[in-house]
There are 4 protein chains.
Amino acid sequence: MVTHMGLVGLGKMGANMRERLRRAGIEVTGFDPRPEVSDVESLAALVDALPGPRRVVWVMVPAGDPTRDVLAELAGLLGEGDVVVEGGNSHYAEDQARAAELAERGVGYVDVGVSGGVWGLENGYGLMCGGDDDDVAELMPVFDALRPEGPREEGFVHAGPVGAGHYAKMVHNGIEYGLMQAYAEGYELLAAKKGLITDVHGTMRAWQRGTVVRSWLLDLMVRALEHDPWFEAIDDWVEDSGEGRWTVDEAIDNAVPLPVISAALFARFSSRQPESPAMKSVAALRQQFGGHAVRPSAE
Amino acid sequence: MVTHMGLVGLGKMGANMRERLRRAGIEVTGFDPRPEVSDVESLAALVDALPGPRRVVWVMVPAGDPTRDVLAELAGLLGEGDVVVEGGNSHYAEDQARAAELAERGVGYVDVGVSGGVWGLENGYGLMCGGDDDDVAELMPVFDALRPEGPREEGFVHAGPVGAGHYAKMVHNGIEYGLMQAYAEGYELLAAKKGLITDVHGTMRAWQRGTVVRSWLLDLMVRALEHDPWFEAIDDWVEDSGEGRWTVDEAIDNAVPLPVISAALFARFSSRQPESPAMKSVAALRQQFGGHAVRPSAE
Amino acid sequence: MVTHMGLVGLGKMGANMRERLRRAGIEVTGFDPRPEVSDVESLAALVDALPGPRRVVWVMVPAGDPTRDVLAELAGLLGEGDVVVEGGNSHYAEDQARAAELAERGVGYVDVGVSGGVWGLENGYGLMCGGDDDDVAELMPVFDALRPEGPREEGFVHAGPVGAGHYAKMVHNGIEYGLMQAYAEGYELLAAKKGLITDVHGTMRAWQRGTVVRSWLLDLMVRALEHDPWFEAIDDWVEDSGEGRWTVDEAIDNAVPLPVISAALFARFSSRQPESPAMKSVAALRQQFGGHAVRPSAE
Amino acid sequence: MVTHMGLVGLGKMGANMRERLRRAGIEVTGFDPRPEVSDVESLAALVDALPGPRRVVWVMVPAGDPTRDVLAELAGLLGEGDVVVEGGNSHYAEDQARAAELAERGVGYVDVGVSGGVWGLENGYGLMCGGDDDDVAELMPVFDALRPEGPREEGFVHAGPVGAGHYAKMVHNGIEYGLMQAYAEGYELLAAKKGLITDVHGTMRAWQRGTVVRSWLLDLMVRALEHDPWFEAIDDWVEDSGEGRWTVDEAIDNAVPLPVISAALFARFSSRQPESPAMKSVAALRQQFGGHAVRPSAE
């Protein structure tokens, strides 16, 4: 069982995870290109610092090229019986090829979706993993240290073979898009009736106990409203992280209707458009057939 | 059969209709509060000018109070055997009460949905009407003068009892919202690939013959693109006229799923928001759980 | 302050509320047309049983005619200083007229949205109310007895003047539609990959702690999956209660875009259609232009 | 300029195109694996039959493997100055690689989106192409023979470099999904008021002239309703051809909001589900919190 592990990537997520693991008594050697946060000077040094057999290296770097590069380098450093954990937001379809490559060298691969954001250090992280039973079993002390207090099965799941962890995390994030948009639409409806709903913040705050819509996201919404009840200091510009897109792509591949999650994604796209080519064309069309007034672009 | 009729309301639609009717040999006495366009000085004078029996007065004024006021005044001026035609964009649910009131005085009521916009004078108007068979029969010369050339049943329908004309027009306009948004989304997708689609205007122009998407709205889109291929002179701000809203309300009352038409309506609402309270709250939420960057409102 | 109140309507919600109030030491006289659950024989007897001044009668009967009838009868029984609480799912727009009528007799009116369903007896009910400050102040012992444990402001709000309680509850239910559909779409995406996600129930169960999507609705989803992990015993037929419709209607009246909540509503409409006229017509269209195969209706 | 060309694939589309080309005086040698429709015995024989220089082979086989196989075989048969036309519904992203491969042998590549379905033989086909100017110029006699009567630019476009033709066709088909769904929703709304709209077929028929919604798809809808005004003989089961999916995928890649076209696609997915896992889970959730009735699956 793991008592000393490697952790690659000490950004917002990784650094907090190192701290939570250490508090739980697990020795962690962390590597990050930024020397001021790194425990060792290189990936090779990190691997050297780990006790065998079955060295464990958790990779927690941005999805895409950064993850690919680290995994490629690790493949050359690890060997029979070692295990790589891919904890970033990778697309699940990449996991199987990666696992196959590492398997040629006898290295195991476990993909983990990690949820909880900046709150994870204190609350613990929700964990979904995919991989072989024995690799997952080996990692249980790590998972137990990271996951929230309470019954293990309420904060951790071995969801299936390699890829299942990232798939579950992708779906989790898709749901998250839908939930956030539902609260957002409700907020706008409350805010639209200022004469009637004299306390929007208080109304959403009162939903935190006893109601059907109570949730952690609602708690966060209430926190946000406390500081700025009309969101005056914040722009209506919303990034999307990639996993919402993957969720809709996946739905299309599987012919699964996804009206709510896709609408939430499109609302984010719209929020970032300085102007909408589509709506310009609708305005132009109305002018054509009805002589309807349009607003010239200078306005 | 009608050879001389009254027409109340000589705005963009009414004035064109008067002209088209006169070209067809129907005598028209028009009334409008603006003396420079009106043929008579008052509604009473208009009614006096019409020959009986079965005087016909077509009302073509804005929906809501203006229509209500004219109908109320007409009720006091008309009598047994006369017919009122309500050609504005009234809600169909108002028609039955109006018809019942007029019926007490022996006055008939026919509701007509009129489509065609500013092009109607030359092309003719698409007409959908609701009412009693004998009232509609009486009006056929008027309908034939207004409708487009070609088979009567391709530009005119007696869709059902009182209210059917406005209901059909409401649905027509709801469909129109969906069609326009579909072309608009397609336009945006073409415009999003400027390196590949080097001629967006030309591409849509080429859809006018032979393709599945050819339509009059497409012809208008091509016209609009001719003058301004990137819609640079036009703002992405789109009004909605009320009938799109009624269509969605009606769908809700009848438990009819309406994903496309409602999405088209909501896109118009969004287009008019200087900023979206909903998307501000999503941005705030993301900041809460993930420490994600937001754009301060000043930006 | 209230120590003895009347409660009209002892159905699933009312009976549980009576029980919770009594456990909190508030005397409750309940009336219901079904003698086996009623404490008195009539509404008049209920009113007579209450101590003055400022008698309090909470009405908890189905929205629409039943509520209207009870309020009309109460208007004749109550007088100066008494307070009626309307706790049903009435439309907020009805509240003001009702309050005005009762105000003529000196009777106060407070509208309350009550959330929590069958779990309210044990967990307490989330409460949102609208009305005058002094009426609400009078009722605070009742609200405190019904609301969940914990800080008052997390389970109760005085959201604004008369109507604000029902408006807030309507928006709450609209959000609920969106949240449920988001989880539902996520569930379907998990279930669509049975080879990869070998434990759908376990995956959603693991989201209950630490994740961004944790919520009470998720807890209920996990409970439901425990008994029937593929929902084999349940039909895909979903009722809607009216408040989802009102939420979308309200959005339309206020030009608020509501893509997610409306999509959730339409999904319910679709779920109840034995067959979709719209999709039949799309199938027919495809056959027309492409000679595409259709499935004859008998299939 | 082309006077004799090859055509591979003599299915519903290809056979009609051969016929239309021949009527226009272009000699066509067609190949199809089914000897009863083929003019030659093999692809090699087809190529041999063509006069040089600048032999032209139009490929009109199903997208995916069939197209890939034919192109691979053609690459070995053609040479310097020849031109391949890919007229199937391929994904535009595949075009550039194909063109590059053929370019190594001096073979040109033009991708063409062909619209018009079974009506193309008589009406002509709407054509959108991508490729080099000189390849396109060479092909103009072919395009002119296939496109509809009327101004060339209303039925044909050289939309951009290789890939532009298939991209334009993809967007065309995405729009088509949205248009069809808009008419379908309107049809359902008319059909939902049978007491008021006594003639649904007649109402849509009357939209064919003068109205804003007139289009070829509307004409087809009217044709379909003529034979079966309530679509009693047709199932509400709608296939999707792949290009609708690509359109939504493309929108996601480019952060283009696509609410209407995506809703139309999802409606097709839903139409094919014997039961909806998502809506089962919503039903289960409602039962959990509200004790709401569900319909057991057997029903």
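The values are calculated or read from the model by the stated rules, or taken from the named source; none is laboratory data. Since the model is a prediction, treat every value here as computed from it, not as a measurement. Cβ atoms come from the backbone with ideal geometry, glycine included; neighbour counts cover every protein chain shown. Accessible surface is based on the protein model in full, side chains and every heavy atom, while ligands, DNA and RNA are left aside. Shrake-Rupley method; radii C 1.70, N 1.55, O 1.52, S 1.80 Å.
Every residue in region B:21-40 that is among the charged types (D, E, K, R) and either within 13 Å of B:Met60 (Cα to Cα) or under 18 Å from the mean Cα position of the chain (by Cα) (or both), please. Quick ask: steps written out before the conclusion?
In the first step, residues of region B:21-40 are kept if they are among the charged types (D, E, K, R); the result is B:22-23, B:27, B:32, B:34, B:36, B:39.
Residue satisfying the conditions is B:Asp32 alone.
Which of the residues that make up region D:269-287 are at the interface with chain C (Cβ under 7 Å from one of its Cβ atoms) and within 30 Å of D:Thr247 (Cα to Cα)?
D:Ser270, D:Ser271, D:Glu275, D:Ser276, D:Pro277, D:Ala278, D:Met279, D:Lys280, D:Ser281, D:Val282
Condition first: open to solvent by 10 Å² or more (accessible area, probe 1.4 Å) and either within 30 Å of D:Ala137 (Cα to Cα) or touching a residue at least 24 places away in the same chain (Cβ under 8 Å) (or both). Can you find one or more residues in region D:203-210 that meet it?
The initial filter retains those residues of region D:203-210 that are open to solvent by 10 Å² or more (accessible area, probe 1.4 Å), namely D:205, D:208-209.
Right, trim to either within 30 Å of D:Ala137 (Cα to Cα) or touching a residue at least 24 places away in the same chain (Cβ under 8 Å) (or both) and you get none.
No, that holds for no residue.
Quick one: would you say B:Val238 is crowded, with 24+ Cβ neighbours inside 10 Å, modelled with pLDDT of 95 or more and either assigned to a loop (DSSP other than H, G, I, E, B) or in contact with a strand residue (DSSP E or B) (Cβ under 6 Å, 6 or more places away or on another chain) (or both)?
Details: crowded, with 24+ Cβ neighbours inside 10 Å: yes; modelled with pLDDT of 95 or more: yes; either assigned to a loop (DSSP other than H, G, I, E, B) or in contact with a strand residue (DSSP E or B) (Cβ under 6 Å, 6 or more places away or on another chain) (or both): yes.
Considered against the rule, which asks whether it is crowded, with 24+ Cβ neighbours inside 10 Å, modelled with pLDDT of 95 or more and either assigned to a loop (DSSP other than H, G, I, E, B) or in contact with a strand residue (DSSP E or B) (Cβ under 6 Å, 6 or more places away or on another chain) (or both), B:Val238 comes out as yes.
Tell me which residues, restricted to region D:217-233, are open to solvent by less than 60 Å² (accessible area, probe 1.4 Å), at the interface with another protein chain (Cβ under 7 Å from one of its Cβ atoms) and within 22 Å of the chain's Cα centre (by Cα).
We begin by selecting, within region D:217-233, every residue open to solvent by less than 60 Å² (accessible area, probe 1.4 Å); these are D:217-222, D:224-225, D:228-229, D:231.
With the extra rule that they be at the interface with another protein chain (Cβ under 7 Å from one of its Cβ atoms), the set shrinks to D:217, D:220-221, D:224, D:231.
Answer for region D:217-233, where residues must be open to solvent by less than 60 Å² (accessible area, probe 1.4 Å), at the interface with another protein chain (Cβ under 7 Å from one of its Cβ atoms) and within 22 Å of the chain's Cα centre (by Cα): D:Leu217, D:Leu220, D:Met221, D:Ala224.
Tally up the residues in region D:1-39 that are in contact (Cβ under 8 Å) with a residue 60 or more places away in the chain, closer than 21 Å to D:Gly88 by Cα and either open to solvent by 10 Å² or more (accessible area, probe 1.4 Å) or in contact with a Leu (Cβ under 8 Å, 6 or more places away or on another chain) (or both), please.
Of the residues in that region, 11 qualify.
Which of the residues belonging to region B:52-64 are at pLDDT 95 or above and over 16 Å from B:Leu139 (Cβ atoms)?
If we filter region B:52-64 for residues that are at pLDDT 95 or above, which is where we start, we get B:55-61.
If the condition is that a residue be at pLDDT 95 or above and over 16 Å from B:Leu139 (Cβ atoms), then B:Val61 is the only one that fits.
Return yes or no: is C:Arg245 within 22 Å of the chain's Cα centre (by Cα), assigned to a helix (DSSP H, G or I) and more than 29 Å from B:Phe289 (Cβ to Cβ)? Spell out how you get there, then give the answer.
Values: within 22 Å of the chain's Cα centre (by Cα): yes; assigned to a helix (DSSP H, G or I): yes; more than 29 Å from B:Phe289 (Cβ to Cβ): yes.
Against the criterion (within 22 Å of the chain's Cα centre (by Cα), assigned to a helix (DSSP H, G or I) and more than 29 Å from B:Phe289 (Cβ to Cβ)), C:Arg245 qualifies.
Can you confirm whether B:Val260 is in contact with a Leu (Cβ under 7 Å, 6 or more places away or on another chain) and in a helix (DSSP H, G or I)?
Working: in contact with a Leu (Cβ under 7 Å, 6 or more places away or on another chain): no; in a helix (DSSP H, G or I): yes.
Here the answer is no, as B:Val260 does not meet what is asked.
From (1) more than 8 Å from chain C (Cβ to nearest Cβ); (2) under 20 Å from C:Met180 (Cα atoms), pick out the condition that doesn't hold for D:Gly290.
Tallying (1) more than 8 Å from chain C (Cβ to nearest Cβ); (2) under 20 Å from C:Met180 (Cα atoms), D:Gly290 fails exactly one: (1).
Those residues that are within 17 Å of B:Val61 (Cα to Cα) and part of a helix (DSSP H, G or I), I need them from region B:1-20; list them, please. Lay out the reasoning, then the answer.
So the first thing to find is which residues in region B:1-20 are within 17 Å of B:Val61 (Cα to Cα), and the list is B:5-19.
Those that are within 17 Å of B:Val61 (Cα to Cα) and part of a helix (DSSP H, G or I): B:Lys12, B:Met13, B:Gly14, B:Ala15, B:Asn16, B:Met17, B:Arg18, B:Glu19.
Any idea which residue in region C:268-299 is surrounded by the fewest Cβ atoms within 10 Å (Cβ to Cβ), counting only those that are aliphatic (A, V, I, L, M) and modelled with pLDDT under 80? If you could, list the steps in order and put the result at the bottom.
First pass over region C:268-299, keeping only residues aliphatic (A, V, I, L, M): C:278-279, C:282-285, C:293-294, C:298.
Right, trim to modelled with pLDDT under 80 and you get C:293-294, C:298.
On the way: C:Ala293: 11, C:Val294: 21, C:Ala298: 6.
Only one residue tops the list, namely C:Ala298.
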